[in-house]
Every structure is written in C-alpha cells, then in structure tokens.
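Report on the following structure.
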Amino acid sequence: MAQLLEVEQLKVSFRSHGGEVQAVRGVSFDIGHGEVLAVVGESGCGKSVTAQAIMKLLPKRGCNIKEGSIHFEGKDLLKMSGKEMKQLKGSQISMVFQDPMTSLNPTMKIGTQISEGIIKHKGLDKTQAKAKALELLKLAGIPNPESRYNQYPHELSGGMRQRVLIAIALACDPKLLIADEPTTALDVTIQAQILDLMKDLQHKFGTSIMLITHDLGVVAEMAQKVIVMYAGIVVESGTVADILERPKHPYTIGLLNSLPNYEDGEKERLIPIEGTPPDLYDPPTGCPFAARCEYAMEICVEELPKAFTVNDGHYSRCWLNDPRAPQVAEFAAAGRDES
Amino acid sequence: MKFILKRLLTMLLTIWVITTLTFVIMHTIPGDPFSSDSDVLPEEVLNNMRAKFNLDKPLPVQYVLYLKNLASFDLGPSIESETRSVNTLIAEGLPVSALLGFQALVIAIVSGLLLGIIASLFHNRTIDYAAMTIAILGISVPSFILAPLLIKFFAVQWGMLPVASWGTWKHTILPSVALAAGPLAIIARFTRSSMLEVLKQNYMKTADAKGLGAAGIVIKHGIRNAIIPVVSFMGPLVAHLLTGTFVIEKIFAIPGLGKYFVDSIFNRDYPVILGTTIFFSVILIVTLFLIDLSYRLIDPRIKLSSRGD
C-alpha cells in the first residue's frame, strides 16, 4: 500500500422519513503521503459525508455505510473497533471544520480544548500538554499564546478561532488532516491568511490534507490532486492542471465557467450551470448531470458512464470521452488556458 | 462589585414591595384573628385582645409599627399560639423543612440530570421512552397520591421505613422522595431537551474528532453547556423545597414550616401570614441572586451587568 488513504467504492446512505437518501454512491480516491487532495463540488454532493465517513463522525443511527472500504496505512477503518478508531482520531487523522464560530466549546478555555487531545493521545501530563499547546498556538499564528490560552472562544475572532481549531487538529502531529471547507465561514482576507497558514504547516510537517472546498481558487492555491464530486459520485479526477486547465467533464467545465475572470480586465457575464442537482432519494439511472448538461446524449440518460481514462491519472465519468462520442469543440477550448 | 451592591438594593426594595402588598391584601380579607370567637366572648374581651396586638389602631399606624419591628428582624408575636413569636416558629420549623428540602433537592437534581442525560443519549429509543414515561408520571401524579402509596408499600407492607412523624434519619427518607418526584421529573425533561440541543452542536463533533471517549465528550463538553435551562428552574424550586410544603408535611406529620403558610391564612394570624411570606420571599430572592451569579461561572459568555435588572 503506497498510499496513505485509499477510499474504495464508498457508499453512504441516510434513512429519513421520505425514504433512503443515497448521499455517497460509490466514491473512490486516494491520498499519498504529504499530498494535498482537493474535493470539489456544490452543496449536497457528498463531500462532507465522505469526510465524516472517514472520521466515523456520522450519526450512528439512520446512517448506513453500505459498501466500500477506507484503508488508512493499509488498515480498513470501517472494520476497526470503536476503541481502535478513538486511538486514531485526533492523533493520526484529524479534522478542521467549516464553521469556527460553533466548532469550539463555548464554555471551555481554548487552552484546555487544545491540550485535552494531547493528554489523551500523547500521555503527557497537564504541564507538558500546556507547553505543547502554547507551542501550537504560536505555530498557528496566534499572538500572546500565554494569555489566549486562558481565554474562552467568544473572546476570539472567527479567524483566530479557526487558527485554534487548526492547532487542535495538528496537536498530535496527524498524518492526515481533513479540512472541511476551512475558509468558507471567514471573510476574504482572513481566508487567505488561513490558507497560508495551512500551506505553511503542511510544508513544515508533511501532513497529507484532504481539502474539501467549493472554491476553485483555493484548489489552485493548495492542491496537487483534485476530485470533482456531483450527486454522490466522483465525476472527474486528476491533477490540478488536468482539472483546471484540461477539464473533460461538462460539470467541471461548468464550474470553471461560472468563476469570474479577473485577468482580462473587461466585464464578462458569468455563465451559471442551469438547474439543480438530482434528488438523491431516487437518483437517476444515467449520468446524474445529464439533466443539466448541454451536451447530453441519449446514452447519458440511460446508463451511468464509467470512469474514462483521459490520460494517466486523469479520469472523467462522461460519455463524451468514449471514442464513439462526437467531438465537442468546447473540450479543447475549455478552461482558461487558451485565452 | 457594583453589580452586587445594586442587586442588594433591588432585593431590599422587592422585599419592601412584597411586605406592603401582603399587608394590604391581608387586611382586605374579611374578618380578623378574633372574629370566630365573637360569638362566645364578650365584646370587651375581644377589644382588649385586639388592643394587645395593636389591631385597634388605624392601618397606617399598624403598618409603620410592623415595618419598624421588621427592620430589627422581629416578625412579631403569633396571635394563634400565644407563647411563641413568628421568629420562634420559623426557627423551630425551618431546620426540619430545610433538611427535607435539601435531601429532596439532592435526589431531584442528581437523578433528574442522570435521567435526562441518559434519555438524550438514547434519543427515540426504548430507554428514552422509559425515562420520559417516568418523567411524565412524576409530573402528573400529585404528591398527595404518591406519598400515601410510598407509605403503603415501604412502611406498611414491607416495613422498611417508618410510616410517619419525625425522629431519626429514616423518618426523612419517604417524605424526601415524595417531595423530590415532581422536581426530578421536570429537571429530567429540561435536561433531556437541552442536552439533545447540545449533542447536535458542532463543538461536540470537534470533541469526537479529537478521539475522546463517549463519556468524556458528554461529561466534559456536554453537561456544562446543557445545564443553564436547568439552573434557571432551580431558583423557585430551591425556595419551595427549603421552606417546606404543606401537603407532604401534613401527610407525614412532620413539624416543619409548611403548615404555617396555610394555617395562618385560615386563622387570620396576621403576623404569621406576613412573617412566612416575607421569609419565603427572602429565600427566593437570595436563591435567584445566587443563581444569577452561578450563570457567570457556568457560561463565561454571560456578563453580569447592573443594567436592566
């Protein structure tokens, strides 16, 4: 097993009053040591559910991991006992959440919140854990760690709190950090700072990162590999250059087209992707994107395409990549590289 | 400090308002302490007795006299029991009532919290339903039904505990349990609903992601955040339990404070009515004050300010 994390054919569904929601419908990807993988897609496409499945944070009741495997350093997390998993959580794999305003316990000093994980996993006593926590706060770019240590979350700004959450996540030198939209809830200048911090720490420690985002700018900044998710499946995966410059899936192209282009300096209309994602209570048999896709063919509605290899490491789940499909001019012109 | 001073002043003012209102309302009830004796006693005797308790003076004068005594913590004589003052009544009854109340409080808080937390952890499962059934029973079965039932089984049938009256610690068990049932149920329900809210919060997920044990997550991160609604309910509860309850003390023949609250009204025993009301108010106001202070300890986001109280 060369890779740090290998997710194979993961399927997760939720029971609800209306029936079964198939949130994740066969997702596979892997993350190598020291690698940053970006997971891109719109709300409800299964990004967060995938992340929480890896961390086993999904609710025990009503949620069902139906199929697949998640191998971390060769061991299948899904077959692990609760106790083994607790050993791993927070020490080998850790997570930074989307909303720093609500992700810290409001009635506990931030110092305690950082050091409790250290005490649990590293077996340090309180004084040693405090020293380590102060070091982490400093590392996370928080000024006056000594006084911040004894403060409560409400005394910190959103950006500061996200730094604290990053410090908590990195407390036990994890091999894999899952960052679930770490900058979504922050304003733009703070976003840049947090991304810089994450990049910095990633270089320093060689931590692998699974970065969930819907911001393609963040992807370009941080990641080496990208998977694009739509309606619970991976529609395209490849290197950052593959996805951002040579996308081979109409959904990816749509995402890129809906980004504002600042470079030309001229006003340009954004091209939205019309329509909404399919209902996951009863997902379509064919390609889930077919209903919104301007290139949709008959086969798209009838059969879910397999992942076509575009070139080594770049896969697209779109019938247009079948040799028999008509050649679409946009594919050559897709992305922004030709302008 | 400024907050505390301001609060103390407000508390004094509140006590004064309560005293005045009670005084006025009490005297508007028809009859006086001796009206039931008016058939048997000659008019002169009645007048003498009224004079003894200053009841022949105009109301404003009586009011000023009462306030004067109150300022020196003298609640006056009891008209009904000639030899004892209201101060003595309270001094004799309070330790009994307070002991019962304190035990009931401990039972109610400890089991109520436990029941509520367990119910929330097993949300919508059998254990949850069972716990909430107990809670509904506790709220809906009145103490005057629960108490005789407890006596019937634990005292009469199984002979484990004394039937009634006051003496050893064993005597306190049944009344404490009977007293605790209602508050226990309410605390359990409050705890359950606020705990369910807390369990959904993102910081609980953060704690889970740290790899902490399930019990650690609930104890260290859950309870403190869930307890505020429960604590708010505690104020009136503490005052009620500590000052004794009429029904339970009557059923178990316990020489507590509870009976004076009710008896004094029927006897038009003016000093006892006023005395017990003021005493209860003081306990209530002080508990509420302490609870306000405790919010700050529980949740650091709550700031004590002297504004808007």
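The values are calculated or read from the model by the stated rules, or taken from the named source; none is laboratory data. Source: prediction; values computed, not measured. FYI the Cβ positions are ideal-geometry reconstructions off the backbone, even for glycines, and counts take in every protein chain you see. Just so you know, the surface numbers come from the protein's heavy atoms only, side chains and all, with ligands and any DNA or RNA stripped out. Shrake-Rupley method; radii C 1.70, N 1.55, O 1.52, S 1.80 Å.
Around B:Ala147, with a cut-off of 11 angstrom between Cβ atoms, what is the net charge of the other residues, counting Lys and Arg +1 and Asp and Glu -1?
Details: positive: B:Lys152, B:Lys250; negative: B:Glu249.
Here the charged neighbours net out to +1.
Could you please state how large a percent of the accessible area of chain B is carbon and sulfur, counting protein chains only and using a 1.4 Å probe? The partial results should precede the final answer.
Numbers: 11240 of 15890 Å².
Using a 1.4 Å probe with all protein chains present, chain B comes out at 71 percent carbon and sulfur.
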How big is the dipole moment of chain B about its Cα centre under a simple scheme where the beta carbon of each Lys and Arg is +1, that of each Asp and Glu is -1, and everything else is neutral? Debye, nearest 20, please. 1760 debye
Write out the GluC sites (Glu not before Pro) in region B:27-125 meeting two conditions: DSSP loop, and at most 11 other Cβ atoms within 10 Å of their Cβ. B:Glu82
Students often get this wrong: which residues of region B:46-69 have the backbone nitrogen under 16 Å from the point 7 angstrom along Cα-to-C-beta of B:Thr28? B:59-60
If one builds a Gaussian network model of chain A from Cα atoms under 10 Å apart, the most fluctuating residue listed among A:Gly117, A:Gly82, A:Gly158 is A:Gly82
Apportionment of accessible area to carbon and sulfur, region A:100-215, percent (1.4 Å): 52 percent
Cross-link partners of B:Lys200 among aspartates and glutamates (Cα-Cα below 13 Å; sequence separation of 8 or more within a chain): B:Asp208
List the residues of region A:18-56 whose accessible area drops by at least 20 Å² when all protein chains are present, compared with their chain alone, using a 1.4 Å probe and counting only protein heavy atoms. A:Gln52
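With the cut-off at 1.5 for a/c, could you classify region A:142-185 from its C-alpha gyration tensor as rounded, prolate or oblate?
On the way: a/c = 2.93, a/b = 1.38, b/c = 2.13.
Because a/c hits 1.5 or more and a/b fails to exceed b/c, region A:142-185 counts as oblate.
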Can you compute the FRET efficiency between A:Asp312 and A:Ala131 using 1/(1 + (r/R0)^6), with r the Cβ-Cβ distance and R0 = 60 Å? Round to the nearest 0.05. 0.80
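Nearest 100 Å² is fine: how much accessible area is buried between B and A, summed over both sides, with a 1.4 Å probe?
Values: alone 17010 and 16530 Å², together 31330 Å².
The B and A chains share an interface burying roughly 2200 Å².
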So for each of B:129-140, A:191-202, B:105-116 I average, over its residues, the number of other beta carbons within 10 Å; can you give me the resulting order with the highest mean first? B:105-116, A:191-202, B:129-140
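Can you check what the net charge comes to around A:Ala192, using other residues whose Cβ is under 14 Å from the Cβ of A:Ala192 (Lys, Arg +1; Asp, Glu -1)? Before the final figure, lay out the partial values.
Numbers: positive: A:Arg163, A:Lys199; negative: A:Asp187, A:Asp196, A:Asp200, A:Asp215, A:Glu221.
Net local charge, A:Ala192 excluded: -3.
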Cα-centred dipole magnitude for the protein assembly as shown, charges only on beta-carbon of K, R (+1) and D, E (-1), debye, nearest 20: 2120 debye
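Ignoring ligands, DNA and RNA, what accessible area per residue does region A:99-196 give at 1.4 Å, in Å²?
For region A:99-196, the solvent-accessible area averages 39 Å² per residue.
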Given a Förster distance of 45 Å, the FRET efficiency implied by the Cβ-Cβ spacing of A:Asp173 and B:Tyr129, rounded to the nearest 0.05, works out to 0.50
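When a/c reaches 1.5 or more, the comparison of a/b and b/c decides; with that in mind, is chain B rounded, prolate or oblate per its Cα gyration tensor? Please report the intermediate quantities before stating the final value.
Values: a/c = 3.19, a/b = 1.63, b/c = 1.96.
Because a/c hits 1.5 or more and a/b fails to exceed b/c, chain B counts as oblate.
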For B:Ser38, residues with placed amide H under 5 Å, excluding near neighbours: none
So how far apart, in nm, are the two label points at B:Glu92 and B:Asn69 if each is 7 Å from Cα heading toward Cβ? 1.7 nm
With axes computed from alpha carbons, what is the tilt in degrees of helix B:43-52 against the longest principal axis of chain B, rounded to the nearest 10 within 0 to 90? 50 degrees
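Per-residue Cβ counts within 10 Å, from other chains only, averaged over B:121-127: what number is that? Each step should come with its number before you reach the end.
Working: counts 0, 1, 1, 2, 1, 0, 0.
Rounded to a whole number, the mean comes out at 1.
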Which residues' amide hydrogens lie under 5 Å from the amide hydrogen of A:Ile233, considering only partners 5 or more residues apart or on another chain, with H built in the peptide plane? A:Arg25
In nm, what is the difference between 0.36 nm times the number of residues separating B:Leu114 and B:Ala253 and their Cα-Cα distance? 46.9 nm
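For B:Thr276, what is the net charge nearby, where nearby means another residue's Cβ is under 14 Å from its Cβ and Lys, Arg count +1, Asp, Glu -1? Could you put the intermediate results ahead of the total?
Values: positive: B:Arg84, B:Lys259, B:Arg268; negative: B:Glu80, B:Glu92, B:Glu249, B:Asp263, B:Asp269.
That works out to -2.
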In order through region B:248-255: 3J(HN,Hα) via Karplus (6.51 cos²θ - 1.76 cosθ + 1.60), integer Hz, x for Gly, Pro: 5, 5, 5, 4, 8, 6, 9, x
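Based on the alpha-carbon gyration tensor of region A:97-206 and its eigenvalue square roots a ≥ b ≥ c, which shape applies: rounded if a/c is under 1.5, prolate if not and a/b is larger than b/c, or oblate? Intermediate results must be reported in sequence, preceding the final value.
Values: a/c = 1.67, a/b = 1.24, b/c = 1.35.
Here region A:97-206 falls in the oblate category.
Could you sort B:15-28, B:212-225, A:37-50 so that the peptide with the highest average Cβ count within 10 Å comes first and the rest follow in order? Let's see the in-between values first.
Details: B:15-28: 14.0, B:212-225: 17.8, A:37-50: 22.9.
The densest-packed peptide leads the list: A:37-50, B:212-225, B:15-28.
Per residue of A:99-105, what is the mean number of Cβ atoms on other protein chains within 10 angstrom of that residue's Cβ? Walk me through the intermediate numbers first.
Working: counts 2, 2, 1, 5, 8, 4, 12.
Neighbouring Cβ atoms belonging to other protein chains average 5 per residue here.
Calculate the FRET efficiency for A:Glu8 and A:Gln327 from the Cβ-Cβ distance with a Förster distance of 30 Å, rounded to the nearest 0.05.
0.40
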In a GNM of chain A with a 10 Å cut-off on Cα contacts, which of A:Leu256, A:Leu88, A:Leu57 has the highest mean-square fluctuation? A:Leu57
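When only the heavy atoms of the protein chains count and the probe is 1.4 Å, how do B:Trp158, A:Trp319, B:Trp166 rank by accessible area, highest first? Write down the numbers at each step before the final one.
Numbers: B:Trp158 145, A:Trp319 25, B:Trp166 75 Å².
In descending accessible area the options line up as B:Trp158, B:Trp166, A:Trp319.
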Can you tell me which lysines have their Cα less than 23 Å from the Cα of A:Lys66? Leave out same-chain residues fewer than eight positions away. A:Lys11, A:Lys47, A:Lys56, A:Lys75, A:Lys79, A:Lys83, A:Lys86, A:Lys89, A:Lys306, B:Lys205
Would you mind pulling out the separation of the Cα centroids of region A:135-196 and region A:40-107, in Å? 20 Å
Can you find, among B:Leu94, B:Ile127, B:Thr10, the residue sitting farthest towards the positive end of the charge dipole of chain B, where Lys and Arg contribute +1 and Asp and Glu -1 at Cβ? B:Ile127
Using a 1.4 angstrom probe, figure out how much accessible area region B:191-266 has per residue, in square angstrom, rounded to the nearest whole. 38 Å²
Please give the average number of partner chain Cβ atoms lying within 10 Å of the Cβ of each residue in B:210-219, rounded to a whole number. 5
Give me the accessible area per residue for region B:67-154, probe 1.4 Å, as a whole number in Å². 54 Å²
Set Lys and Arg Cβ to +1 and Asp and Glu Cβ to -1, take the dipole of region A:85-162 about its Cα centre, and tell me which of A:Asn144, A:Ala129, A:Thr102 lies farthest positive. A:Ala129
